[in-house]
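Comments concern the structure below.
The values are calculated or read from the model by the stated rules, or taken from the named source; none is laboratory data. The structure presented is a predicted model; accordingly, all values stated were derived computationally and were not measured. Reconstructed Cβ throughout: ideal geometry from the backbone, glycine too, with neighbour counts over all protein chains shown. Just so you know, the surface numbers come from the protein's heavy atoms only, side chains and all, with ligands and any DNA or RNA stripped out. Shrake-Rupley method; radii C 1.70, N 1.55, O 1.52, S 1.80 Å.
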Amino acid sequence: MTELRKVAIVGSARIPFARGHTAYVEETNLSLLSTTLRGLADKYGLKGEKIDEVMAGAVIGHSRDFNLAREASLDAGFSPRTPGTTIQIACGTSLQAALTLGAKIASGEIESGIAAGSDTVSDSPIVFGNKFQHRMIDLSRARSTGEKFKTFKGFSFGELTPVAPSVNEPRTGMSMGQHCELMAREWGITREAQDQLAYRSHQNAAAAYDEGFHDDLLVQCAGLVRDNNVRADTTLDKMATMKPAFDKSSGHGTLTAANSTPLTDGASSVLLASEDWARARGLPVLAYLTVGAVAANDFAAGEGLLMAPTIAVSDMLRRAGLGFDDIDLFEIHEAFAAQVLCTLKAWTDAKYNKDVLGRDVPLGAIDPAKINVKGSSLAYGHPFAATGARILGLTAKLLNTQEKKRALISVCTAGGQGVAAIVERA
C-alpha cells in the first residue's frame with residue numbers, strides 16, 4: 001500500500017466579501033470566482049501552469065453556470081489542461097473540496113489542487129412557475145410560426161409571476177434562521193450571549209485589518225478592497241436595539257440582523273499541493289491539512305439543523321486520537337452566533353455526548369480566547385460556498401504567523417450537515 005503523503009497548504013486568495021446587492025450587483029458567480037483564481041495565479045506565479053484539479057462550487061447557481069470550476073480556471077489563465085470539477089455541499093462546499101483534493105494529493109493521484117467557492121445573492125436566478133417554464137421549453141422546440149403561437153394557448157399573465165428565491169429547507173419549509181431559533185431555545189442561549197459573540201467577531205476582524213493581517217489575502221474586485229460588512233464601530237448598545245429577524249411574533253425571538261450573518265457575495269480559494277510540487281516551484285508551505293470529516297443528522301426529526309458539526313468534530317477527533325486540549329485555535333463558522341453557542345454547549349453536555357456522540361466523557365469546554373481570534377462570518381459575511389476556503393486560508397496563515405501547532409475548523413451547512421478539518425503548522 002502506498003504511504004500517504006502530507007497535504008501542504010501553500011496559501012490562499014479571496015476577493016473582499018460584500019453584503020448582497022452592494023458592490024457586486026453587476027458580477028456573477030463566474031466573474032467572482034475567476035477574479036479570485038486569477039489573484040491566486042498572480043500571487044504564486046501560476047499563470048499558464050497546469051493545476052492537477054480545480055474543485056469549486058456555488059450554492060446559488062444559474063443554469064448558465066456550466067461547470068463553474070472549469071470555466072473559472074480557464075478565465076483565470078491556468079493552462080487549458082487544468083481540469084475543473086464543480087461540487088456543492090451548501091456552506092461546506094469549499095472545505096469539502098479541500099478535503100477531497102487533499103485525499104487525492106495524499107494518495108499520490110494528483111500533485112496540486114485548488115479548492116474554491118463562489119456565491120452571489122445579488123445575481124440570484126429568477127425562475128417562473130412550472131406552467132410558464134414548460135411553455136418556454138415548448139417554444140424553444142417549436143419549428144414553425146404556427147407551432148410557436150400554439151405554445152401560448154390558454155396563457156394568462158399570472159403565469160409571469162416569478163417564484164421568489166428561497167433559502168427554506170425543503171423538508172421542513174423553515175428557514176435556517178427559524179431552525180436556529182429552535183436550537184437557541186432548546187439550549188437556553190440568550191440574546192445577550194449572542195450579541196456578545198457577534199460584537200467580539202467584529203472587534204477581532206477590525207483588529208485583524210488594522211494590523212494588516214488581510215493585506216496579502218485579498219484580491220481587489222469591482223473596486224472593493226476590503227470586506228464591507230465588518231463594523232469596527234458597532235456597540236452592544238446598538239445591537240440591543242435590533243428586532244428579532246426570524247421569530248417576530250412570539251416575543252421570544254433572539255436572533256437578529258446583528259447576531260446573524262448577512263446575505264453576502266464573494267469568492268475564495270486555497271492552493272493545496274504535495275511538498276515536492278511546492279518545493280520544485282519555490283513556493284511556501286504554511287501548514288498541512290491532516291484530517292477531516294463530514295457528518296449529518298436527522299434535523300427534520302428535531303435534532304437541530306446546524307448541530308451536525310458536533311458529530312463531525314467528535315468523529316474526526318476520535319479518529320485522530322485527539323481532544324480539545326490538543327487544539328490551539330478553533331475556527332467555528334458563525335452562521336449565527338446562536339449556532340456557535342449551541343455547539344459549544346453541546347460539547348460539554350454529558351447527555352448529548354452520550355446519546356448523540358457516543359462518548360462516555362464529554363469533549364468538554366473550549367477557552368473562548370482560542371475561538372475565531374481574527375473574527376469570522378458574523379463580521380466578514382458568508383457567501384455560502386466560499387466560506388470554507390476563506391476559513392482554511394486564514395487558518396493556515398494564522399498557524400504560520402502565530403507559531404501555533406494545531407487548529408480545528410468546523411462548518412455547519414444547510415440540510416443538517418457539517419464539515420470539519422484539522423490543520424497543523426508546517
query: Regarding Ala414, is this residue under 17 Å from the mean Cα position of the chain (by Cα), closer than 20 Å to Met183 by Cα, in contact (Cβ under 8 Å) with a residue 40 or more places away in the chain and open to solvent by 10 Å² or more (accessible area, probe 1.4 Å)?
result: yes
task: Identify all residues within region 139-168 that are without any contact (Cβ under 8 Å) to a residue 12 or more places away in the chain and among the acidic types (Asp, Glu); write none if there are none.
output: Glu147
message: Looking only at region 293-302, filter to residues that are in a helix (DSSP H, G or I) and touching a residue at least 12 places away in the same chain (Cβ under 8 Å); which one of those is nearest to Ala385 (Cα to Cα)?
response: Phe299
task: Those residues that are under 21 Å from the mean Cα position of the chain (by Cα), of a type outside the set (Asp, Glu) and not in a loop (DSSP other than H, G, I, E, B), I need them from region 55-85; list them, please.
output: Met55, Ala56, Gly57, Leu68, Ala69, Arg70, Ala72, Ser73, Gly84, Thr85
field: Index of the failed condition, Lys6 passing every other in (1) part of a loop (DSSP other than H, G, I, E, B); (2) in contact with a helix residue (DSSP H, G or I) (Cβ under 7 Å, 6 or more places away or on another chain); (3) open to solvent by less than 70 Å² (accessible area, probe 1.4 Å)
entry: (3)
task: Output the residues belonging to region 28-80 that are under 22 Å from Ala414 (Cα atoms) and among the charged types (D, E, K, R).
output: Asp65
message: Given (1) buried (at least 22 other Cβ atoms within 10 Å of the Cβ); (2) farther than 30 Å from Val25 by Cα, identify the lone condition not met by Ser268.
response: (2)
message: Anything in region 343-362 that is in contact with a Gly (Cβ under 7 Å, 6 or more places away or on another chain) and of a type outside the set (Ser, Thr, Tyr)? List them, or say none.
response: Trp347
statement: The helices (runs of 4 or more DSSP H) lying entirely within region 303-361 that contain at least 3 residues which are free of Cβ contacts under 8 Å to residues at least 40 places away in the same chain, over 20 Å from Thr93 (Cβ atoms) and not basic (Lys, Arg) are 337-348, 350-355
- prompt: Pairs, please: C-beta under 7 Å, at least 6 apart or cross-chain, first residue in contact (Cβ under 8 Å) with a residue 40 or more places away in the chain and in region 13-35, second open to solvent by less than 20 Å² (accessible area, probe 1.4 Å) and among the aromatic types (Phe, Trp, Tyr)?
  reply: Phe17/Tyr380; Ala18/Tyr24; Leu32/Tyr24
field: Conditions (1) without any contact (Cβ under 8 Å) to a residue 60 or more places away in the chain; (2) within 21 Å of Gln196 (Cβ to Cβ); (3) within 20 Å of the chain's Cα centre (by Cα); number of the one not met by Ala232
entry: (3)
